[in-house]
Amino acid sequence: MADEPIIVKRVKKRAAAHHGGSWKVAFADFATAMMAFFLVLWLTTNATPEQKLAVEGYFKDPVGYTEGGSQNPVDLGGSAAVLEASGEDQVGSTISVDDQSIESLSEQLEQRQMEELFQDLREQIESSETLSEFRDQLLIDITDEGLRIQIVDRSQRPMFDSGSAQLKPYSQDILFELAKPLGSVRNKLSITGHTDATPFSGRPGYTNWELSADRANAARRALVTGGVRPEQISRVVGLSDSVLFDKEDPTAPVNRRISIIVLNKKAVGEIEGRAGRTGEPLIDLTKPSEAEEEAARQRLESGEWAQEEEPVRPNELNW
């Protein structure tokens, strides 16, 4: 008897069906919503009654037309206003600032710019080989007029020869280096020359006044050559020994100096005002004073002028 074949039946088991990852997205949305919900609860608990009313008014009327509505649910210190133009309602934001506040903010900004320039100049003096050698002759401070740079004489190292307005070669190098940062600002510059109290006796009629003015003008030429714009120069003055640096020793070398001031707007306005650039003359000689006008009116009403005038005869008329 032949062997019967052995049949082996293999049953292939199916894997469990895959449900996909959509549940993860739904759970993430749920977690985000719960976090936002608890965040709103926390903010509501810590908000003041005024803030709650502002938020409520925003959701009632976001445009802000009705009372209680607000364009800004969070007050950031500004002010909102509804503008009307050309017969149509236009929503805009306006901030009301008076002239005094604008002037104060402008002065604060300019003061900050002066302080930044002060730091830049100090860093340049330290990093520049030319300026670092003469750092003991460079004095920088901030005054009411602006940022002041004073280049003073030292013993055995003057900026000019005695009684001369010719710059020393190293003095020119100092001014050339200073011209780079000074020419990069928009401010006007003032250049002032000073001498010590030793009288000048080099030539007749030439005094320390002329010498200090010539030295200030020589410094101006060097600065312009170094990069300062010519229209940037607002004032070049020689003060002789009228403003001493060392009052206890009027003949000290430190009194011989060149002062460069980066002028602020207030100082420029005062300079231009004194120069008559305000648009109005200081004294209008063509306009009679109030007393003269009153006297003329009284004379006219009393008929005094009519009595003084000589009658015009017909043969004297110019036809």
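Between Ser106 and Thr207, the modelled label-to-label distance comes to 3.9 nm, taking each label 7 Å out from Cα in the direction of the beta carbon. Each Lys and Arg contributes +1 and each Asp and Glu -1, all at the Cβ; summed about the Cα centre of segment 92-187, the dipole is approximately 420 debye.
Given the peptides 23-29, 238-244, 259-265, arrange them by the average over their residues of other C-beta atoms within 10 Å, most packed first.
Ranking the peptides 23-29, 238-244, 259-265 by packing returns 259-265, 238-244, 23-29.
Compared with the direct C-alpha span, the chain from Ala197 to Asp29 gains 51.9 nm at full extension, assuming 0.36 nm per residue.
Grab the Cα-Cα distance for Arg154 and Ile7, subtract it from 0.36 nm times how many residues apart they are, and report the gain in nm with one decimal.
The Arg154-Ile7 span can extend by a further 41.0 nm.
When you restrict to C-alpha pairs under 8 Å that are six or more residues apart and normalise by the size of segment 102-274, the relative contact order lands at 28 percent. Of the chymotrypsin sites (Phe, Trp or Tyr not before Pro) found in segment 114-160, no site is in coil according to DSSP while having at most 13 other Cβ atoms within 10 Å of its Cβ. For segment 102-274, the pair-distance distribution built from all alpha carbon pairs, in bins 10 Å wide starting at 0, is 10, 38, 36, 14, 2, 0 percent. Between Val236 and Ile191, the built amide H atoms are under 5 Å apart, and every one of these is 5 or more places off in sequence or on another chain.
Only the coordinates and a few stated rules stand behind these numbers; no lab work does. None of these values were measured; they are calculated from a predicted model. Note that each Cβ is placed from the backbone with ideal geometry, even for glycine, and that neighbours are counted across all protein chains shown.
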